[in-house]
1. Taking only Cα atoms and a 10 Å spring cutoff, compute GNM fluctuations for the chain and point out the largest among K59, K74, K188.
2. Using alpha carbons only, how many angstrom separate the centre of the range 161-214 from the centre of the range 1-36?
3. For the range 125-238, what is the per residue volume of the convex hull drawn over the alpha-carbon atoms, in cubic angstrom?
4. Relative to the longest principal axis of the chain, what angle (0 to 90°, nearest 10) does the C-alpha long axis of helix 30-39 take?
5. Only bridges with both residues in the chain count here: give the DSSP antiparallel percent, nearest 5.
6. Measure nothing but the geometry: give the 0 to 90° angle between the long axis through the Cα atoms of 152-167 and the longest principal axis through the Cα atoms of the chain, rounded to 10°.
7. Taking the chain, how many lysine pairs are there with alpha carbons less than 14 Å apart, if each pair must be eight or more places apart or span two chains?
8. With viscosity set to 0.890 mPa s and temperature to 25 °C, compute the Stokes-Einstein D of the range 1-107, Rh being the Kirkwood radius across alpha carbon pairs; µm²/s, no decimals.
Amino acid sequence: MKLDVAFLPQEIAENNLSDAVCIVLDIFRATTCIVTAFSNGCKTIIPVLSLVEAHRLAKQAGSVLLAGERQSIKMDGCDMGNSPFEFSRTKVADQTVIMTTSNGTAAVKATETAYCTLIGSFINAGAVCREARRYEKNIVIVCAGTDRTFSLEDALCAGLLVQTLTETGEMILTDSAAGALLMYQQAKSKILEIAGNSRNGQRLRELNRLNEITYCLQTDLFPIVPHYSAGKISLAGE
């Protein structure tokens, strides 16, 4: 099996993903929020590209929550932004959430032609690797990036996933996968310092959200894997 890392969603735009499992990463903070939401009993998350589309779907669906974020700030008229602490059990249990974020939701939707799309993060790293392995297909880790440019925290998480996947069986690494692994191995002993000083980490620091940085960089908090299929994210079997 081949293991590849796309450091930006546009790198997979012309790829044939029909026989590949994609793992989408947006560490600060969309995929971390999605995993957190499902750990707290969320029923479904519908990723969309714009707030206009979110409002249109909300009118059709009736009782839903809106999560909207741009540049780390909650959008006006939304129930939640992009902080994992906003996706609490009291708010999201048994709820459908329509979500639009600066980068993460676009990355998820970029994988629509994949055989299977999984939502990954540091907080479910082990679980998402086990689930990806189960399909016995090529794996493409897709980093959301930031405004169509490289994001360090996404690449470091990709490296962790590459390390975990290669520990559980032989895989053929592309150069980008090997590069992500090398980055993670160099940074893992001080991941909080390095990722926390990334561009997005600094933005969160400026917003006094140090606790979110720490939370997003914790490994294996949850043994769950959200799946994206037919325009919706849910837990397998639900």
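1. Maximum among the listed residues: K59.
2. Here the two parts' Cα centres lie 15 Å apart.
3. Residue-normalised Cα hull volume stands at 137 Å³.
4. Tilt relative to the chain: about 70 degrees.
5. Details: 10 of 36 bridges.
About 30 percent, rounded to the nearest 5.
6. Between the helix axis and the principal axis of the chain, the angle is about 50 degrees.
7. Details: K2/K137; K43/K91; K43/K232; K109/K232.
The result is 4.
8. Working: Rh = 14.6 Å.
The calculation lands on 168 µm²/s.
Values in this text are rule-based calculations from the coordinates and carry no lab data. All values reported here derive from a predicted model rather than from experimental measurement. Virtual Cβ from ideal backbone geometry, glycine too; neighbours counted across all protein chains shown.
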